[in-house]
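This report refers to the structure that appears directly beneath it.
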Amino acid sequence: MSNKEKTILIIGATGYIGGAVVQQAVKDGYRVIAVTRSAKEDTRFLGAEAVVADVADPASMEQLFNHHKIDAVISCLACRSGLTEDFFAIDYHATLNVLNVGKQHGISKFILLSAICTRKPELPLQQAKLLMEDELIRSGVDYSIIRPTAYFWVFDVQTPMIEKGRPGYVVGSGDQAVHNPISKEDLAEFMVDCISDPERRNRIFVLGGPEVDGNVVTYKESLEMIFKQMGKEPKISRIPRWVAMGLIRFSGFLGLFFRKPGIFSLFLKNTLYYLENDMRAPGYGTMTLQQHIENKDREIETTQTLRTIKE
Ligand SMILES: NC(=O)c1ccc[n+]([C@@H]2O[C@H](COP(=O)([O-])OP(=O)(O)OC[C@H]3O[C@@H](n4cnc5c(N)ncnc54)[C@H](OP(=O)(O)O)[C@@H]3O)[C@@H](O)[C@H]2O)c1
């Protein structure tokens, strides 16, 4: 079967990685259906069909699969709020819902975006992801599970503040962990290739970006790259670990009563986890963090969780 005869359903299509996956699948000649929560213009969907549906609702998914003969599903679904219950509702239950309905309708492949950090699970996000990985492996549907390292935007979040003259912040030394981040384009290419590559059938891939100079960095080094690119002397402020832990505990306590401090606490906990655990993985792709930072026209992206905290 050629690519143009295959229909690929992409869930989480409006996200950072999902948007890149839609573009890559269209480029590779597949018929692409991008699932969205509401009808809104998205230039990344050019060449794809955008369909409004509720991934968490079996009836809504049933309707979608009845209307379209889907060959493969790519899931880039991910919790936006940062709340524990939402990780389980989206990364696990909603994703499983789509798998179950897809299986009844005879899909031949399910590609799941997971995360490298599932190998040392301590956080709700990782537990929800592992539950979904397990369901997929036991489902009988052909699968590829991709556990990527950190994304480029993670290293770029402080750029707007640094531009305004503020320092870059690290917790502790900022050199505790080494990363080889992956660009969304390289990750999307790898995920879409899983549809047809028999070598990638029923396997879990831990995936990083190229293991070359300019892409193997500590968080502190990534900040130094940003300062250098702006022609500024690096100004790095170290937040002691005990202060970060105190903030996590205090906001976690407030989170028992209010939503925002709860999100902030979990966000800080996730951030600290990523700062303190190596995220090295076998390298794939071509784009380096250095090239990304050198691109002055790049879009500075962030997550809904951070936007909610800042609101
Ligand atoms: N950040 C990192 O460095 C990193 C590293 C490795 C792995 N990961 C993993 O990558 C994933 C995040 O990918 P991303 O950055 O592309 O995510 P993202 O930009 O936050 O996108 C999340 C997608 O899920 C959809 N979604 C969320 N809640 C939904 C709901 N209730 N109903 C329907 N759709 C919903 C969103 O739709 P809307 O647009 O409608 O909200 C969006 O399409 C996470 O699983 C994370 O663990 C992240």
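Electrostatic bookkeeping for Lys184 treats Lys and Arg as +1 and Asp and Glu as -1; over the other residues with beta carbon under 13 Å from its beta carbon, the sum is -4. When only Cα pairs below 8 angstrom with a gap of at least 6 residues are kept, the chain shows a relative contact order of 17 percent. Aspartates and glutamates near Lys6 by alpha-carbon distance under 15 Å, same-chain residues fewer than 8 away left out - which ones? Within the straight-line cut-off, Lys6 pairs with Asp28, Glu49, Asp71, Asp193, Asp197.
Near Tyr219: Cβ cut-off under 11 Å, other residues only, Lys/Arg at +1 and Asp/Glu at -1. The net charge is -3.
Each 10 Å bin, from zero up to the one with the longest distance, holds this percent of the alpha carbon pairs of the stretch 184-311: 10, 28, 33, 23, 6, 0. In this structure, the pairs whose alpha-carbon distance is over 23 Å, taken from Lys27/Lys228; Lys69/Lys184; Lys164/Lys220; Lys103/Lys184, are Lys27/Lys228; Lys69/Lys184; Lys103/Lys184.
In this label model, Val243 and Lys296 are separated by 3.3 nm, measuring between points 7 Å along each Cα→Cβ vector. Translational diffusion of the stretch 269-311, estimated by Stokes-Einstein from the Kirkwood radius over alpha carbon pairs at 25 °C in a medium of 0.890 mPa s, is 183 µm² per second.
In whole percents, the pair-distance distribution calculated for the stretch 177-227 from its alpha-carbon pairs, binned every 10 Å from zero, is 23, 41, 24, 11, 1.
Karplus-based coupling profile of the stretch 73-90, in residue order and whole Hz: 10, 10, 9, 10, 5, 7, 4, 9, 6, x, 8, 3, 4, 6, 4, 6, 5, 9, with θ = phi - 60° in 6.51 cos²θ - 1.76 cosθ + 1.60 and x standing for Gly or Pro.
In the chain, the longest principal axis of the Cα atoms and the axis of helix 184-193 are about 30 degrees apart. In the chain, the DSSP-assigned H stretches of four residues or longer account for a calculated mean residue ellipticity at 222 nm of -11500 deg cm²/dmol, using -39500 (n - 2.57) per stretch and the full residue count as denominator.
Values of log10 I(q)/I(0) for the stretch 117-228 across q = 0.16, 0.17, 0.24 Å⁻¹ run -0.87, -0.94, -1.35, by the Debye formula with one identical scatterer at each alpha carbon and no solvent. In plain terms, the C-alpha convex hull of the stretch 1-121 casts an average shadow of 7.7 nm² when viewed from every direction. Between helix 95-104 and the chain there is an angle of about 20 degrees, using the helix long axis and the longest principal axis of the Cα atoms. With only Cα atoms counted, the chain has Rg and Dmax values of 19.6, 59 Å.
Legend: ranking of residues Met245, Met61 from fewest to most surrounding C-beta atoms inside 10 Å; resulting order Met245, Met61. Run through the DSSP bridge list for the chain and note the antiparallel percent, rounded to the nearest 5. Antiparallel bridges: around 5 percent, rounded to the nearest 5. If I fit a long axis through the Cα atoms of helix 16-27 and take the longest principal axis of the Cα atoms of the chain, what angle between them do I get, 0 to 90°, rounded to 10? Relative to the chain, helix 16-27 is tipped by roughly 40 degrees.
Taken together, the values in this text are just the output of simple stated rules run on the coordinates, not laboratory data. What you see is a predicted model; the values in this text were computed from it and never measured. Neighbour counts are summed over all protein chains in view; Cβ atoms, including those assigned to glycine, are modelled from backbone coordinates with ideal geometry.
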